[in-house]
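K.L.:
Take this structure first; my questions come after.
Every number here is computed from the coordinates shown, using simple stated rules; none is lab data. A quick note: this is a predicted structure, and the numbers were derived from the prediction, not measured. So basically every Cβ, Gly included, is an ideal-geometry build from the backbone, and we count neighbours across all protein chains shown.
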Amino acid sequence: MDISIRRLRKEFDRYPALHGVSLDIASGELLALLGPSGSGKTTLLRLIAGLEFPTSGAVFFGAEDASQKSVRERNVGFVFQHYALFRHMSVADNIAFGLRVRDRATRPPEDVIRRRAAELLELVQLPQIGNRFPHQLSGGQRQRVALARALAIEPQVLLLDEPFGALDAKVRKELRRWLRELHERTGHTTVFVTHDQEEAMEMSDRVVVMGQGRIEQVGAPDEIYDRPASAFVHGFIGDSSALSVTVDRGEVFLGRRSLGPLAAGLPDGPARMLLRPHDLELTAQSAGAIAGRIAAVRRHGGARMIELEVGDKGERLEVAVPASTPICPEPVQAFRPLRWQIYPAG
Amino acid sequence: MTAALLPRFAAGTLPRLRQPSVLPGFGLTLGFTLLYLSAVVLVPLGALVAKAAGLGISDFAALATDPRTLAALRLSFLAALAAASINAVFGVLVAWVLVRYDFPLRRVVDAVIDLPFALPTAVAGIALTALYAPNGWVGQYLAPLGLKIAYTPLGVVAALTFVGLPFVVRTVEPVLRDLDRDVEEAAATLGASRRQTVFRVVLPALLPSILTGFALALARAVGEYGSVIFIAGNIPYVSEIAPLLIVIRLEEYDYAAATALAAEMLGIAFLMLLTINLIQAVGRRRLGRHA
């Protein structure tokens with residue numbers, strides 16, 4: 001089921017949480033809504049589910065306008081951050097709930113419901129726990145039960161709100177891989193919300209980066225990382241440092257030193273140059289290089305991170321060099337930028 | 001280390017009253033609790049039981065099965081059960097409205113709930129009698145319908161309902177407030193109607209607190225005296241409650257009968273509350289510790 005979101009706007013008490021967002025989600029896609037808290041990502045997810053109603057705009061499921069449908073008519077599987085399991089019901093009853101509440105005409109017979117619950121427990125790899133109660137399960141198990149419960153109604157769309165937010169790092173990593181595999185097997189159109197960029201990059205086909213109630217960029221993980229559309233995305237995704245530069249007829253100046261004609265087509269005036277730590281190279285030449293004083297050196301996994309103090313404003317630039325690189329005794333070093341992004345300031 | 005220092009006490013042979021805990025003061029608090037409970041509850045009740053035991057079995061049996069006594073006990077407990085049941089239904093409704101909706105004068109309504117706690121029960125009894133008497137504000141409209149409330153067992157139920165309401169409201173309210181909204185939202189995404197959500201998800205989650213409120217309202221109703229004696233009419237065998245009969249026996253200097261009736265009430269009340277507690281214990285085991 002493909003989903004089309006048209007100019008969706010949501011205000012809470014006159015305070016806009018979402019400013020006219022449009023987005024197309026392809027059938028069978030695994031899409032991540034990524035952003036810092038307050039970016040509107042959860043609001044967008046709840047609007048798709050029908051748990052909130054938009055101030056204006058529409059959500060289409062296929063060709064059908066779902067905006068006027070209530071949450072129970074939309075047939076979406078929703079997995080809540082804190083699982084929201086019914087704690088007075090056994091695991092099997094939790095999973096069967098969505099089938100048991102159907103009206104008599106569409107409700108499967110009881111033995112079919114029970115078999116279906118068992119199958120779903122098998123699918124989420126918890127075959128033996130049907131008779132247990134939610135409080136007897138670990139966080140990761142509860143999350144999988146919540147997913148099985150959402151899948152039981154054969155949803156058109158699967159929506160997950162910070163699905164791994166409350167789990168510890170190791171379980172989170174396992175569940176991520178597992179969910180990705182499950183998605184490939186079942187092929188549901190899946191949208192999940194996360195503030196963890198690693199999670200978004202690793203799991204999804206496409207990432208929607210959101211900030212302050214707007215979509216900043218939509219794209220495949222590579223595209224988002226390599227060609228960020230705005231300084232916000234560049235700063236939010238991956239490590240990066242920003243330098244204040246000036247653009248003059250396509251030529252970029254750091255202080256009074258020219259870095260070369262790096263910004264063709266950009267308007268003249270102050271700008272921000274964003275660089276990732278790995279996209280700089282140690283050089284002996286000073287032409288077109290960024291020179292600075294080494295302020296600190298840290299070991300970071302397989303790399304050595306150098307903090308370079310640049311310019312008279314004391315801006316810090318992070319540079320990663322292989323750990324084998326000898327650190328010169330000279331405190332001043334020059335680095336040549338290999339890849340960068342320049343965005344007009346403001 | 002500890003095991004080596006205490007070699008003689010193999011596991012299980014040392015009576016372990018207290019589990020090691022990071023919370024200090026177990027001995028002190030338990031000691032105080034036992035002392036306090038003894039002084040305030042157990043000693044007076046123990047004296048009552050001792051006094052009743054002094055009667056001898058045949059005397060006690062004769063007093064306990066006196067028809068007037070049995071009628072009074074029946075009325076007291078049945079009326080209390082009815083009142084607590086009514087409160088269990090409408091108290092939940094009141095708690096629901098107070099927690100879930102915002103309306104003008106909500107704070108006032110909230111405060112009014114507690115009035116039955118604060119009002120001298122005799123005042124409540126007189127007010128209810130004035131309302132429900134055949135010439136009262138409400139009674140005059142019910143009388144033509146053949147419905148008599150004051151001076152009948154119905155009046156007893158009305159008074160007990162009045163005094164018991166706050167117990168249910170105040171025990172259910174905080175639990176309902178803490179109930180996560182996402183559980184109800186989950187039910188809705190799974191296709192449950194509002195009605196199904198309330199009956200299958202919300203009420204089962206509230207059940208332990210409803211039971212607690214029910215038990216409290218029941219206990220209060222069984223012991224209630226002041227408000228009932230005004231509205232009940234106190235006709236022997238018809239609308240005479242057990243606590244009143246105890247007072248009547250005392251005024252007749254018939255201490256033996258009063259003691260026997262009191263001991264009987266105590267026994268029945270204890271069994272009822274024990275049953276409710278057992279039901280709750282079973283529920284807790286299913287729901288986990290935080291139920």
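K.L.:
When all C-alpha to C-alpha distances in segment B:106-257 are sorted into bins of 10 Å, what percent of pairs does each bin hold, rounded to whole numbers?
P.N.:
The percentages, shortest bin first, are 11, 27, 27, 20, 11, 3, 1.
K.L.:
Please name whichever of A:T283, B:V49, B:P134 sits farthest to the positive end of the charge dipole of the protein assembly as shown, dipole taken about the Cα centre and charges placed at Cβ: Lys and Arg +1, Asp and Glu -1.
P.N.:
Farthest towards the positive pole: B:V49.
K.L.:
May I ask which residue of A:T106, A:P127, A:S230 lies farthest towards the positive end of the charge dipole of segment A:3-233, with charges of +1 (Lys, Arg) and -1 (Asp, Glu) on Cβ and the Cα centre as origin?
P.N.:
A:T106
K.L.:
If I fit a long axis through the Cα atoms of helix A:110-123 and take the longest principal axis of the Cα atoms of chain A, what angle between them do I get, 0 to 90°, rounded to 10?
P.N.:
In chain A, helix A:110-123 runs at an angle near 20 degrees to the longest axis.
K.L.:
Let me ask something else about it. When chain A is modelled as a GNM with alpha-carbon springs shorter than 10 Å, which of A:F192, A:F335, A:F78 fluctuates the most?
P.N.:
Between A:F192, A:F335, A:F78, it is A:F335 that shows the largest mean-square fluctuation.
K.L.:
Additional query: Enter the angle in degrees (range 0 to 90, nearest 10) between the Cα long axis of helix A:169-186 and the first principal axis of the Cα atoms of chain A, meaning the one along which they spread out most.
P.N.:
That works out to roughly 60 degrees.
K.L.:
For A:L280, enumerate residues with amide H under 5 Å from its amide H, sequence gap 5+ or separate chain, H modeled in the peptide plane.
P.N.:
Under 5 Å from the amide H of A:L280 lie the amide H atoms of A:A320, A:L338, each far enough along the sequence or on another chain.
K.L.:
Okay, next question. Can you give the helix-only mean residue ellipticity at 222 nm for the protein assembly as shown, where every DSSP H stretch with n ≥ 4 adds -39500 (n - 2.57) and the sum goes over all residues, rounded to the nearest 500 deg cm²/dmol?
P.N.:
About -14500 deg cm²/dmol.
K.L.:
Once you keep just the Cα pairs under 8 angstrom separated by 6 or more residues, what percentage relative contact order results for chain B?
P.N.:
Normalised by residue count, the contact order of chain B is 27 percent.
K.L.:
Students often check this: by mean Cβ neighbours within 10 Å, which of A:131-140, B:275-284, B:226-235 ranks highest, and how do the rest follow?
P.N.:
Put in order of decreasing packing, that is B:226-235, A:131-140, B:275-284.
K.L.:
At a Förster distance of 51 Å, what's the computed FRET efficiency of A:A63 paired with B:I279, Cβ-Cβ distance as r, to 0.05?
P.N.:
Given R0 = 51 Å and the Cβ-Cβ separation, E is 0.45.
K.L.:
In sequence order, what are the phi-derived ³J(HN,Hα) couplings for segment B:234-248 according to the Karplus relation 6.51 cos²θ - 1.76 cosθ + 1.60 with θ = phi - 60°, rounded to whole Hz, with x for glycine and proline?
P.N.:
Taking θ as phi minus 60°, the curve returns 6, 7, x, 6, 10, 10, 10, 8, 4, x, 5, 4, 4, 4, 4 Hz for segment B:234-248.
K.L.:
Which one, A:L34, A:V79, A:G269, is farthest towards the positive end of the dipole of the protein assembly as shown when Lys and Arg carry +1 and Asp and Glu -1 on their Cβ?
P.N.:
A:V79
K.L.:
Here's another thing I want to ask about it. With a/c under 1.5 counting as rounded, go ahead and sort chain A into rounded, prolate or oblate using the C-alpha gyration tensor (a ≥ b ≥ c being the square roots of the eigenvalues; past the cut-off, prolate if a/b is larger than b/c, else oblate).
P.N.:
prolate
K.L.:
Arrange the peptides B:205-213, A:242-250, B:154-162, B:95-103 so that the one whose residues have, on average, the most other Cβ atoms within 10 Å appears first.
P.N.:
B:154-162, B:205-213, A:242-250, B:95-103
K.L.:
Return the sequence-ordered ³J(HN,Hα) values of segment A:313-326 in whole Hz as given by the Karplus equation 6.51 cos²θ - 1.76 cosθ + 1.60 applied to θ = phi - 60°, using x for Gly and Pro.
P.N.:
With coefficients 6.51, -1.76 and 1.60, one gets 7, x, 5, 9, 10, 8, 10, 9, 10, x, 4, 6, 4, x Hz.
K.L.:
Work out the length of the dipole vector of the protein assembly as shown about its Cα centre, built from +1 on the beta-carbon of each Lys and Arg and -1 on the beta-carbon of each Asp and Glu, and round it to the nearest 20 debye.
P.N.:
I would put it at about 780 debye.
K.L.:
Distance in nm between label sites at A:E184 and B:V198, each 7 Å beyond Cα in the beta-carbon direction?
P.N.:
Rounded to a tenth, the inter-label distance reads 4.8 nm.
K.L.:
Would you mind getting me the FRET efficiency between B:V99 and A:S56? Use the beta-carbon distance for r and R0 = 35 Å, nearest 0.05.
P.N.:
0.65
K.L.:
Compare A:D268, A:D103, A:D279 in a GNM of chain A, Cα atoms joined below 10 Å, and give the one with the largest fluctuation.
P.N.:
Largest GNM mean-square fluctuation: A:D103.
K.L.:
Now a separate question. Can you tell which of B:R220, B:R194, B:R177 shows the greatest fluctuation in a Gaussian network model of chain B with Cα springs below 10 Å?
P.N.:
Among B:R220, B:R194, B:R177, the largest mean-square fluctuation in the Gaussian network model of chain B belongs to B:R194.
K.L.:
Need one value for A:79-89: mean number of C-beta atoms belonging to other chains within 10 Å of its residues' C-beta atoms.
P.N.:
So the per-residue partner count for this stretch is 6.
K.L.:
Give the order of A:M1, B:M265, A:M210 when sorted by the count of other beta carbons within 10 angstrom, beginning with the fewest.
P.N.:
Ordered from fewest to most neighbouring Cβ atoms within 10 Å, A:M1, B:M265, A:M210 come out as A:M1, B:M265, A:M210.
K.L.:
With +1 on the Cβ of every Lys and Arg and -1 on the Cβ of every Asp and Glu, and nothing else charged, how large is the dipole of segment A:58-111 about its Cα centre, in debye rounded to the nearest 20?
P.N.:
140
K.L.:
Check the straight Cα-Cα distances from A:K41 and name the lysines below 26 Å, setting aside those fewer than 8 residues away within the same chain.
P.N.:
Correct list for A:K41: A:K10, A:K69, A:K170, A:K173.
K.L.:
Quick one: which residues, 5 or more positions from B:E240 or on another chain, have an amide H under 5 Å from its amide H? H modelled 1.01 Å from N in the peptide plane, none for Pro or chain starts.
P.N.:
Hits under the 5 Å cutoff: B:I235.
K.L.:
To the nearest 20 debye, what is the magnitude of the charge dipole of segment B:56-287 about its Cα centre, counting +1 on the Cβ of each Lys and Arg and -1 on the Cβ of each Asp and Glu?
P.N.:
Computed charge dipole of segment B:56-287: roughly 720 debye.
K.L.:
Over 23 Å apart: what share of the alpha carbon pairs of chain B falls there, rounded to a whole percent?
P.N.:
68
K.L.:
In cubic angstrom, how much convex hull volume per residue do the alpha carbon atoms of the protein assembly as shown span?
P.N.:
Cα convex hull per residue, to the nearest whole number: 287 Å³.
K.L.:
Can I ask one more? Counting Lys and Arg as +1 and Asp and Glu as -1, what is the net charge of the other residues whose Cβ lies under 11 Å from the Cβ of A:G213?
P.N.:
+2
K.L.:
Within a Cβ distance under 13 Å of B:Y237, other residues only, what is the Lys/Arg minus Asp/Glu net charge?
P.N.:
Around B:Y237, the surrounding residues sum to 0.
K.L.:
Sticking with this one: Would you grab the residues whose amide H sits under 5 Å from the one on A:G311? Only those 5+ places off in sequence or on another chain, please, with H modelled 1.01 Å from N.
P.N.:
Long-range HN contacts for A:G311: none found.
K.L.:
Ranking request for peptides B:197-203, A:308-314: highest mean number of other beta-carbon atoms within 10 Å first, then the rest in descending order.
P.N.:
By packing density, highest mean first, the sequence is B:197-203, A:308-314.
K.L.:
With angles folded into 0 to 90 degrees, how steeply does helix A:139-152 sit against the dominant principal axis of chain A? Use alpha carbons for both and round to 10.
P.N.:
Approximately 60 degrees, to the nearest ten.
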